[in-house]
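K.L.:
Before anything else, here's the structure in question.
The values are calculated or read from the model by the stated rules, or taken from the named source; none is laboratory data. Treat the numbers as computed from the prediction; the structure is a model and nothing was measured. Every residue, glycine as well, gets a Cβ built from its backbone with ideal geometry; the counts of neighbours run over all protein chains shown.
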Amino acid sequence: MTIFVNQKMLETFVFPGGECHVRINPSDINDTAEILAYLEHSNAVLQLLLAVDAIRRVNPNTAINLTIPYFPYARQDRVCNPGEALSLSVMANLINSLQCNQVTIYDPHSEVTSALLNRCTIITLAELITGSSLAQEIVQKSLALVSPDAGAEKKITHLIQHLASPVEVFYARKTRNKLTGVITSTTLDGDVHGKDLIILDDICDGGHTFIELAKVLKTHGAGNLYLYVTHGIFSKGLDVLKLYFEKVYCYHTRLKPVEIDPLFLHVLGEAPVPVLSA
């Protein structure tokens, strides 16, 4: 996945010295430019900046609508230790400098992202799930929902307001070492014994958070475990998750097609999703 301008893939390359270059067909640029940007690495961020500059050199008055499904650095939304950067603020300032007509992002890690971005529209976890087949599966399989931490609680509360039937929700808490980021403990509220559960969250990177939570759930007698994440990075692959989960769902993933086991990982996107009423 990369950057698309009006549904056409942006032509890019990198010079031997490391500098990025982009090229846009001037005939593709009109009064509005729709940019879909998967910013999976630093070069992609720079390519986006260059693309917007190239568009405006063709037509300075072009209104740019930018969609960034996974917003880079969204997890670094606070300064935990002296001497660290507020990385999310740095990235938001870069995007704001583009002066886009609208910036749309999917299920950001926290509300800090939308607070820092100008003219920002959020596609929520609830919208993504209820616009997919997963909402029906949750009801049909009588899955109880699990919030893995405090950050997911508000998102899950929003989701249950839009599901077809009432569902049970359990809340977990995790404690991290602020210097290392390592999870030091996971606790759980409620009795999950014998119940099939689905953990819901925004991002799965290596999967350690969900593996540790799955261990706690199984210790408390949980039945089958499922996992939904909007942004499936899966940097450790899927095999580490297969030890604990029956199935994993994501809205989109960085995995290559050859790395995806379709019997285990169900990718729900990238189809357009409906916008829920408040």
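K.L.:
Could you list all residues from region 202-237 that are free of Cβ contacts under 8 Å to residues at least 24 places away in the same chain and of a type outside the set (Gly, Ala, Ser)?
P.N.:
Selection gives THR219 alone.
K.L.:
Is it the case that some residue within region 40-56 is in a loop (DSSP other than H, G, I, E, B) and out of contact with any helix residue (DSSP H, G or I) (no Cβ under 9 Å at 6 or more places or on another chain)?
P.N.:
Yes; the residues of region 40-56 include at least one that is in a loop (DSSP other than H, G, I, E, B) and out of contact with any helix residue (DSSP H, G or I) (no Cβ under 9 Å at 6 or more places or on another chain).
K.L.:
Select from region 41-86 the residues that are of a type in the set (S, T, N, Q), farther than 22 Å from GLU11 by Cβ and touching a residue at least 24 places away in the same chain (Cβ under 8 Å) and list them in ascending order.
P.N.:
Those that are of a type in the set (S, T, N, Q), farther than 22 Å from GLU11 by Cβ and touching a residue at least 24 places away in the same chain (Cβ under 8 Å): ASN61, ASN81.
K.L.:
Name the residues in region 236-278 that are closer than 13 Å to ASP205 by Cβ, modelled with pLDDT under 95 and assigned to a loop (DSSP other than H, G, I, E, B), would you?
P.N.:
Scanning region 236-278 gives ARG254, LEU255.
K.L.:
Yes or no: region 173-185 includes at least one residue that is part of a strand (DSSP E or B), in the same structural domain as VAL146 (by TED's automatic domain parsing) and at pLDDT 90 or above.
P.N.:
Initial filter on region 173-185 (part of a strand (DSSP E or B)): 173-176, 183-185.
Checking which are in the same structural domain as VAL146 (by TED's automatic domain parsing) leaves us with 173-176, 183-185.
The next check asks that each one be at pLDDT 90 or above; those that pass are none.
Scanning region 173-185, I find no residue that is part of a strand (DSSP E or B), in the same structural domain as VAL146 (by TED's automatic domain parsing) and at pLDDT 90 or above, so the answer is no.
K.L.:
From the residues in region 68-89 that are part of a helix (DSSP H, G or I) and in contact with a Phe, Trp or Tyr (Cβ under 7 Å, 6 or more places away or on another chain), which one is surrounded by the fewest Cβ atoms within 10 Å (Cβ to Cβ)? It would help to see each step written out before you state the result.
P.N.:
Step one: of region 68-89, the residues part of a helix (DSSP H, G or I) are 87-89.
With the extra rule that they be in contact with a Phe, Trp or Tyr (Cβ under 7 Å, 6 or more places away or on another chain), the set shrinks to 87-88.
On the way: SER87: 16, LEU88: 24.
If we take residues in region 68-89 being part of a helix (DSSP H, G or I) and in contact with a Phe, Trp or Tyr (Cβ under 7 Å, 6 or more places away or on another chain), then SER87 is surrounded by the fewest Cβ atoms within 10 Å (Cβ to Cβ).
K.L.:
Let me ask something else about it. Of the conditions (1) of a type outside the set (Phe, Trp, Tyr); (2) at pLDDT 95 or above; (3) within 15 Å of the chain's Cα centre (by Cα), ASN118 satisfies every one except a single condition; which number is it?
P.N.:
Among (1) of a type outside the set (Phe, Trp, Tyr); (2) at pLDDT 95 or above; (3) within 15 Å of the chain's Cα centre (by Cα), ASN118 violates only (3).
K.L.:
While we're on this one: Could you please find all residues in region 153-167 being free of Cβ contacts under 8 Å to residues at least 24 places away in the same chain and more than 21 Å from the chain's Cα centre (by Cα)?
P.N.:
Step one: list which residues in region 153-167 are free of Cβ contacts under 8 Å to residues at least 24 places away in the same chain, which gives 153-154, 157, 160, 166.
Passing the criteria: only PRO166.
K.L.:
I need the full set of residues from region 2-14 which are over 16 Å from LEU49 (Cβ atoms) and either outside any strand (DSSP E or B) or in contact (Cβ under 8 Å) with a residue 12 or more places away in the chain (or both), in order please.
P.N.:
ASN6, GLN7, LYS8
K.L.:
Has region 150-167 got any residue that is in a strand (DSSP E or B) and surrounded by 15 or more Cβ atoms within 10 Å (Cβ to Cβ)?
P.N.:
No, that holds for no residue.
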